[in-house]
1. Fully extended, how many nm does the chain gain between Arg323 and Ala430 (0.36 nm per residue separation, minus their Cα-Cα distance)?
2. If you stretched the chain out fully between Arg377 and Arg232, how much longer would it get, using 0.36 nm times the residue separation minus the C-alpha to C-alpha distance?
3. Could you work out the pair-distance distribution P(r) of the range 411-460 from its alpha-carbon pairs, with 5 angstrom bin width and percents rounded to whole numbers?
4. What is the calculated FRET efficiency for His345 to Asp460, with r their C-beta to C-beta distance and R₀ = 35 Å, to the nearest 0.05?
5. How much length is gained on full extension from Gln203 to Val485, taking 0.36 nm per residue of separation minus their Cα-Cα distance?
6. Using only the Cα atoms of the range 321-396, each taken as one equal point scatterer with no solvent, compute I(q) by the Debye sum, divide by I(0), and report log10 of the ratio at q = 0.12, 0.15, 0.25 Å⁻¹.
7. Please label the shape of the range 235-342 as rounded, prolate or oblate, based on the square roots a ≥ b ≥ c of the eigenvalues of the alpha-carbon gyration tensor (a/c under 1.5 means rounded; beyond that, a/b larger than b/c means prolate, else oblate).
8. Can you list the aspartates and glutamates whose alpha carbon sits under 14 Å from that of Lys456, skipping same-chain ones fewer than 8 residues off?
Amino acid sequence: MKGVPEAELRMPHVLREYSLLADGERGAVIGPKGDISWMCFPRWDSPSLFSSLIGGSGLYAVTPRGRFVWGGYYEEGSLIWRSRWVTSAGIVECREALAYPGHPGRATLLRRLVAVEGTNQVRVFLHPRAGYGADPARSLRRHEDGTWTAATGLVHLRWSGAPEAEPGPDGHGGHWLDTHLTLAPGQAHDLVLELAEQAPAGQRPDPGAAWDATQAHWSRVVPAMDEMVARRDARHSYAVLAGLTSSGGGMVAAATTSLPERADKGDSYDYRYAWIRDQCFAGEAVAAAGPHSLMDDAVGFVQDRLLADGPQLSPAYTVRGERVPDQHSLGLAGYPGGTDIVGNHVNSQFQLDALGEALLLFAAAAGHDHLELDGWRAAKAAADAIAARWREPDAGIWELSPKRWTHSGLECVAGLRAISSAPGASASAAAEWMALADAILAEVAATSLHPSGRWKRAVDDDRLDAALLLAAIRGALPVDDPRSVATYQAVRSELAEDGYVYRFRHGAGPLGQAEGAFLLCGFWMSLACWDRGDHVEATRWFERNRAACGPPGLFSEEYDVVERQLRGNLPQAFVHAVMLECAARQSHAAGSAQPSGTAS
């Protein structure tokens, strides 16, 4: 058929142009040509149905014919995306969503085309291939009501809204469907793709009802945050976190795998799993904004993992609480500059700081009177695990070779102090936990203080690390402690550039030579400034870093300052979490609350 060639639809875009649909159980990544180039089913870490993002097969595109320019936006407080194209003939939009909330065994992709202005022609192309593109579509059939059904791998699908589609062989044992639509001015047209582990049965969903239910649920889930600084972006970050959080409370670190952090460096990882640390960051951020449901989700997931595994807590799990699979390659081309990795080597690591973060999360929940008996049992399990393992080397926050990382010890100090003073803590437990915090701090101070007075990265590593800002932010010691002041000043002078912050120096070259700036670290700098009372400077850091995104407002892990491009998997949950925390902290009236980094 005529129109945009399939090869052109499969061409990847820069990361800043991708948007995300998500329903809690899985996500779909959409490019500026209406190309859904990544979606896993039934779960976040399942093999993908559409894999062209990382060089595989499988695509679902809705693209205007002829010349056009692209734009788009999220409906506020939701992950309902509107692709908007200005064409030679007028303007056409596509309202897009995964029906929300999602269900573990089935998903519904909603796409509603509207000719906003003029008569527009649109090409619709559906090519499902499960198993990261390995499994062809089979049993393709058009039914009397105009719907199409097929199966690929273990995925069954039903597609409505394209009765005139023409099937064709993909040359690899499967089939695609291709059609053109002509939309008169003001005309709307619905496309509904149902995915299920069992063959869909019964009536196909009514698009209008599905849209109404999805919009209503997003309205219930995302709080109004009427008094919040940067309200629209804060609500958007909350929506992103909600979209990444499954019905069991597990939140994936990102929706994608193998998007490169640095071209041709092999820095590609699978982030479709629930990291304990990231889950805690999200819960703590939400707690700063209020006792909203995502805080309870984080507490529930982390407490269950601690009660099950105790001192053997893994740094990450699947959203169902299972072991993360071993890392391996798929044999695909990968996103340009990246690889094709699934699974993650984190499954063999010990990360001490995650135990401290768990205690900080539980303390924040207790502050809202949202920590139940199991939460306190999990807090004791975390404290006991710290007591048993705090002298062991660990992989640290950046998941490197095992060392006695300073940040890990200080986060445990912060967590123990926070839970000791949390409402509901027993006097005997609080005394025990405070004594342990004091012992850890004394050891860290004796072994990990740089001659200049700042903290150093590890016992045997004199370098500076932006993660050390958290010692004061989280209350391991006061913000005006000389060690806190020296670390803050050193990070500003040595690791910051053009309003962004890097994790640490890899070598003698420029900061941006080895990796991009870490947006997480830039938001930490904002929090550090805020806690010191420098609210103008805090706002500068906040505004600079929250602008490091593309039109969809999604943050990745790193930001290439020179090229102004996103690097790494997206959306990166912990960046959205700390952005939300910054907005919440800045929304508090000056002097209305004790600074978050002040130790009691």
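The values are calculated or read from the model by the stated rules, or taken from the named source; none is laboratory data. As the structure is a computational prediction, the values presented were derived from the model and not from experiment. Ideal geometry is used to build each Cβ from the backbone, glycine not excepted, and the neighbour counts take in all protein chains shown. Just so you know, the surface numbers come from the protein's heavy atoms only, side chains and all, with ligands and any DNA or RNA stripped out. Shrake-Rupley method; radii C 1.70, N 1.55, O 1.52, S 1.80 Å.
1. Full extension of this stretch gives 35.3 nm more.
2. 48.5 nm
3. Binned Cα distances yield the sequence 5, 22, 23, 18, 12, 10, 7, 2, 0.
4. Here the calculated transfer efficiency is 0.95.
5. 95.1 nm
6. -0.54, -0.71, -1.12
7. Here the range 235-342 falls in the oblate category.
8. The qualifying aspartates and glutamates are Glu443, Asp465, Glu494.
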